[in-house]
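S.K.: This is the structure, below, for whatever I ask next.
Just so it is clear, none of the values below were taken in a lab; they were calculated from the coordinates. Model, not experiment: these values are computed from the prediction. Here Cβ is always computed from backbone atoms with ideal geometry, including for glycine, and neighbour counts include all displayed protein chains.
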Amino acid sequence: MKAAGPAQAWRAVGWLAAALGCIAYAVLAHWAASSRTPGLFEALVFILPLMALALALALRSRHRLAWVAAWIGCAAGLFAARDLLPAGTHWVMLAQHVGINMALCLGFGRTLSPGMKPLVSRMAELVHGDLSPRLVRYTRQVTWAWTLFFALTSLVSLLLFVLAPATVWSAFVNLLSLPLLAAMFIGEYLVRIAVIPRSERSGFLQAMAAYRQFSARKSESE
């Protein structure tokens, strides 16, 4: 038990550092996207995280050599076109934001097709095993809610990009996206407390553990 104290403290420090890092990047991204004359630095604010994520995925792939070679080719192409990158800063950010949200929308939405099990139902089964009819209905509805949330986020981003000043659009993308996501999580949890009996619902930590387990199983199957 004594060893658990320092471990929990370091875990809390890690979460705090991650939260502060996300906030710092959000502010930096907002500043870069609000620039009227973006330069190479502003462009790299959005390109480097995408390239880092792509490299991490390539290294985890079963076809690692092919994907890493593709990543190197893409990096070389970006370097060769570095003088053109500043002009496309806003487009890169738009593609990043809409692309991620649409990918999540499709990831949740496709599991609502006939004959498929909703994504939230699959994760709930990792915690509860076989689901009661009430949980089957609820987890299907939550899958619909997440699908619509990501679809609406993409739509609002596109509309603001076309109709609003860059500063307004950037504030939505960089400063409001994470709070809106957190509000969605909290709202769903409050609804769950209201409509699902205590014996049939999981807590936040159980849900996070189920998500990690689900992600690990998905990675192993790919």
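S.K.: Given a Förster distance of 25 angstrom, what is the FRET efficiency for residue 182 paired with residue 41, based on the Cβ-Cβ distance and rounded to 0.05? Could you put the intermediate results ahead of the total?
M.R.: Working: r = 29 Å, r/R0 = 1.16.
My answer for the efficiency is 0.30.
S.K.: Then there is this: Which semi-axis lengths, in whole Å and largest first, follow from the square roots of five times the eigenvalues of the Cα gyration tensor of the chain? Please report the intermediate quantities before stating the final value.
M.R.: Values: eigenvalues 232, 97, 82 Å².
Output for the chain: semi-axes of 34, 22, 20 Å.
S.K.: Something else now. Report, in deg cm²/dmol and to the nearest 500, the calculated mean residue ellipticity at 222 nm for the chain, where each DSSP H run with n ≥ 4 adds -39500 (n - 2.57) and the sum is divided by the residue count.
M.R.: The per-residue figure over the chain is -26500 deg cm²/dmol.
S.K.: When 90, 97, 128 are ordered from fewest to most other Cβ atoms inside 10 Å of their Cβ, what list results?
M.R.: Ascending number of Cβ neighbours within 10 Å: 128, 90, 97.
S.K.: If one computes the Cα centroid of the stretch 134-175 and of the stretch 1-73, what distance in Å separates the two points?
M.R.: 22 Å
S.K.: With a length cut of 18 Å (Cα positions projected on each helix's long axis) and a Kyte-Doolittle mean of at least 0.5, go through the chain and give me the DSSP H helices that pass. Let's see the in-between values first.
M.R.: On the way: long enough: 4-34 (45 Å, 0.95); 40-60 (29 Å, 2.19); 64-80 (24 Å, 1.49); 89-109 (29 Å, 0.99); 133-163 (45 Å, 1.07); 177-195 (27 Å, 1.61); 204-221 (26 Å, -0.48).
Membrane-span-like by this criterion, though nothing is claimed about a membrane: 4-34, 40-60, 64-80, 89-109, 133-163, 177-195.
S.K.: Sequence gap at least 6, Cα distance under 8 Å: using those rules, report the relative contact order of the stretch 11-135 to the nearest whole percent. Provide the component values of the computation, followed by the final result.
M.R.: Values: 56 pairs, mean separation 27.1, N = 125.
Dividing the mean separation by the residue count of the stretch 11-135 yields 22 percent.
S.K.: Just to verify a number: FRET efficiency for residue 189 and residue 28, C-beta to C-beta distance, R0 = 45 Å, to 0.05? Intermediate results must be reported in sequence, preceding the final value.
M.R.: On the way: r = 30 Å, r/R0 = 0.67.
In this case the efficiency is close to 0.90.
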